[in-house]
Structures are given as structure tokens and as C-alpha cells.
Amino acid sequence: MKMHMLAAAILLVSGTAFAASGDAEAGRKKSQPCQACHGQSGISVAPNFPNLAGQNEDYIVHVLKHYKNGKRKNPIMQGQVANLTDRDILDLAAHFSRLQGLQVKY
Amino acid sequence: MRPLRILAAVGLSATALTAYAAGDAAAGRNKVYQCQGCHGIVGWKTAFPEVYHVPKLGGQNAEYIVAALKEYKSGERDFATMRAIAGTLSDQDMEDIAAYYSAGSKAAAAPAEKK
């Protein structure tokens, strides 16, 4: 009985560790439309567009999902994410997060 | 001739940096005490309503940071903690904070390269 409880507890806690992650190479290919604004290396072409290079992967996923469900509003981005699947979002986040650019600054 | 070119490059890039940052990065350095506790710690995550890493700010575009802070302040962008913090910031504070975080960003250096 106790072993079952232990196994169940471990599985419950470790569930979050197995969250799906994206494929950076696939993301690189999918990032073509993004480059027009966010640049070839994730450094944006204009100062009002955010740099994406090196941004935290899960943060990018969070933001793209929020553009998709309307919780974050931006007419340009809303149009861009309309055709993205969850898979696309994971791959794009994996790609941009691995580029060199943004850093934690104290 | 070569020292002259180096001097010109430094002068141009310095101009580019000041031209893009309407705020004062040195002043901003003293205004980020509310930011450092989350955005200054590697690996720091939000807790509610969703869990994810808070965004990196070092090297972000100043204009974008200001726009984001204004959206948090107005409530257009929804996150309680950021709304509370942005609410305490004046427009000048936002410019200075943005200048501090964007200092040395690749975007700020880009105009010098184009010239």
C-alpha cells in the first residue's frame, strides 16, 4: 500500500517535468515570417518591436498563447499567431530562446 | 588615418546610443529596485495565475520596455504585480528604467553599423 502511495506521489510531482518542449531546428524553419519584424537573429528591425533572441523559452510560449487567446492584445501579433499550432509555438520558442541576445540584468 | 576611423566609429556609436534612449540609464540604475527582485534573478518564475520564467530585460529595446510598462499601467496588459509596479512609475521613470535595461543592446548599436 505504501509503495503505491509513494509511486503515485512521485508521478504526481514529476508530471510537470515531462512538459512537452519544442524542436529548435523546426522552430528555425518556422520563424521565417517572424524575421520581417524580429530580425534574422531575433534582434528586431525596429525599436518598438521586442528583441526575442535568448528570451526565456516558457515565457515566449506564454506570450504567444496569450496573443492567440486574446489575453494579450496586439493587432499585428494577433494576425501572426492565428495560424500557429501549439506545436509551432513550442518550436518557435525553442528556436528563439537559443539565440544570443537578451540577458538577465540586475 | 586609422585612429581617425576608430574615433569616428566610437563617436557614431555613442551618438546612436544616446539618440535611441530618451531616458537616462544612470538615473534608471537607481530606479530599478522594484524590478531587480524578479527580473534580476536568473531562473525567477511567476507563481500566479500561470508559472513561467519572468522575461529577461537586459538588452531589450527601450521603446518596447516603455510601451509594455504603459500597457501594464493602463491595464491593457494584464498582470497584477506589473500593474501595481508600473502604477508607481512616471513617464520619466519608465524612460530611465528602459534606458538602463537596454544599454548596450545590439539594437542600440545597429544604427552605427548601418551608417
**Fill in**
With T = 25 °C, eta = 0.890 mPa s and Kirkwood Rh from C-alpha pairs, the Stokes-Einstein D of the stretch B:15-106 in µm²/s is about 183
**Message:** Compute the helix-to-body angle for A:57-69: its Cα long axis versus the longest principal axis of chain A, expressed 0 to 90° and rounded to tens.
**Reply:** 70
**Asked** Per residue, how many Å² of accessible area does chain A show with a 1.4 Å probe?
**Response** 61
**Fill in**
Cα pairs beyond 25 Å in chain A, in percent, come to 29
**Message:** Strictly over 23 Å apart at the Cα level, which of A:Lys68/B:Lys31; A:Lys73/B:Lys73; A:Lys71/B:Lys73; A:Lys68/B:Lys70; A:Lys65/B:Lys56; A:Lys71/B:Lys70 would you flag in this model?
**Reply:** A:Lys68/B:Lys31
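The values are calculated or read from the model by the stated rules, or taken from the named source; none is laboratory data. Predicted model only: the values in this text are computed from it and were never measured. The area values use the complete protein model at the heavy-atom level, side chains included, leaving out ligands, DNA and RNA. Shrake-Rupley method; radii C 1.70, N 1.55, O 1.52, S 1.80 Å.
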